[in-house]
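Structure in structure tokens, see below.
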Amino acid sequence: MYEISTDRERLDLDRIHRFLSTQAYWSPGVRREVVERSVAGSLAFGVYAPGGEQVGFARVVTDYATFAWLADVYIEAGHRAQGLAKRLVAEVLEHPDLQGLRRWMLGTKDAHELYRRFGFDELHDVGRFMALETGPAAAVPD
């Protein structure tokens, strides 16, 4: 049975970096130190196969009071089509430290239907939102 955990000691940073830098459309070539800092500054979720190897990941950037950004959600190709992404997103949204937030946000190019199941929708008042992209890490959308 697959397991989802927020135990930082279990995270396989080499594997996370490899996926994000070589397979994720949103972060091609992302540097290892950027991945390490992003994980350190987030509530991280690992997905583990029955043998214990990490096969998925998600992280939440949050103030734990009002706002959360769901990022870097993935399941490795050999483990897809088993409902793991749905289970991962559900566990993220149900995490006790993330209850009562006013706003959740995320960015996706191709998983809109997955997130719609949980109540996410496109921004309706996009004029309210602004972004500032600077520095080398900014060249890799998150």
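The values are calculated or read from the model by the stated rules, or taken from the named source; none is laboratory data. What you are looking at is a predicted structure, and each value in this text was computed from that prediction instead of being measured. Counting neighbours? That spans all protein chains shown, and the Cβs are built from the backbone with ideal geometry, glycine included. These area figures cover heavy atoms from the full protein model, side chains too; ligands, DNA and RNA do not enter into them. Shrake-Rupley method; radii C 1.70, N 1.55, O 1.52, S 1.80 Å.
Just to check I understand the Karplus step: with θ = phi - 60° and J = 6.51 cos²θ - 1.76 cosθ + 1.60, what whole-Hz values come out for segment 62-70, glycine and proline as x?
Per-residue couplings from phi come out as 8, 9, 6, 10, 10, 9, 8, 10, 8 Hz.
Carbon and sulfur: what percent of the chain's accessible surface (1.4 Å probe)?
Carbon plus sulfur share of accessible area: 51 percent.
Oh, and also: Just going by the charge dipole of the chain, with Lys and Arg at +1 and Asp and Glu at -1 on Cβ, which of THR22, PHE45, LEU123 is farthest out on the positive end?
Among THR22, PHE45, LEU123, the one farthest towards the positive end of the dipole of the chain is LEU123.
For segment 1-109, run through the trypsin sites (Lys or Arg not before Pro) and keep only the ones in DSSP coil with at most 16 other Cβ atoms within 10 Å of their Cβ.
Values: sites: ARG8, ARG10, ARG15, ARG18, ARG31, ARG32, ARG37, ARG59, ARG80, LYS86, ARG87, ARG102, ARG103, LYS109; in loops: ARG31, ARG80, ARG102, LYS109.
Those that pass, being in a loop and sparsely packed, are ARG31, ARG80, ARG102, LYS109.
For segment 8-51, which chymotrypsin sites (Phe, Trp or Tyr not before Pro) are in a loop by DSSP, counting at most 14 other Cβ atoms within 10 Å?
Details: sites: PHE19, TYR25, TRP26, PHE45, TYR48; in loops: TYR25, TRP26.
Answer in residue order: TYR25.
Another question, if that's okay. Could you compute Rg(Cα) / (2.2 N^0.38 Å) for segment 1-61, with N its residue count?
Ratio of Cα Rg to 2.2 N^0.38 Å: 1.07.
On to the next question. Scan segment 61-142 for GluC sites (Glu not before Pro) in coil per DSSP, keeping those whose Cβ has at most 11 other Cβ atoms within 10 Å, and list them by number.
Those satisfying the criteria are GLU122, GLU133.
Before rounding to the nearest 500, sum -39500 (n - 2.57) across all DSSP H runs of length at least 4 in the chain and divide by the residue total; then give [θ] at 222 nm in deg cm²/dmol.
-7500 deg cm²/dmol
Which order do THR62, THR6, THR22 take by accessible area at a 1.4 Å probe, largest first?
In descending accessible area the options line up as THR22, THR6, THR62.
Please work out the average accessible area per residue across the chain, using the 1.4 Å probe convention, and give it in Å².
59 Å²
How much of the DSSP bridge set in segment 20-142 is antiparallel, in percent, rounded to the nearest 5?
75 percent
Right, here's the next one. Taking the Cα centre of segment 54-118 as origin and charging only Cβ (+1 Lys, Arg; -1 Asp, Glu), how large is the dipole, in debye to the nearest 20?
With only Lys, Arg, Asp and Glu charged at Cβ, the dipole is about 220 debye.
Rank ALA44, ALA90, ALA71 by mean-square fluctuation in a GNM of the chain with C-alpha springs under 10 angstrom and give only the top-ranked residue.
ALA90
Quick one: dipole size for the chain, taken about the Cα centre, charges +1 on Lys/Arg Cβ and -1 on Asp/Glu Cβ, in debye to the nearest 20.
Around 160 debye, computed over the chain.
Can you give the translational diffusion coefficient of segment 68-132 in µm²/s, computed by Stokes-Einstein from the Kirkwood radius over Cα pairs at 20 °C and 1.002 mPa s? The partial results should precede the final answer.
Values: Rh = 13.4 Å.
Rounded, D is 160 µm²/s.
Still on this structure: Take the Cα atoms of the chain, build their convex hull, and give its volume per residue in Å³.
121 Å³
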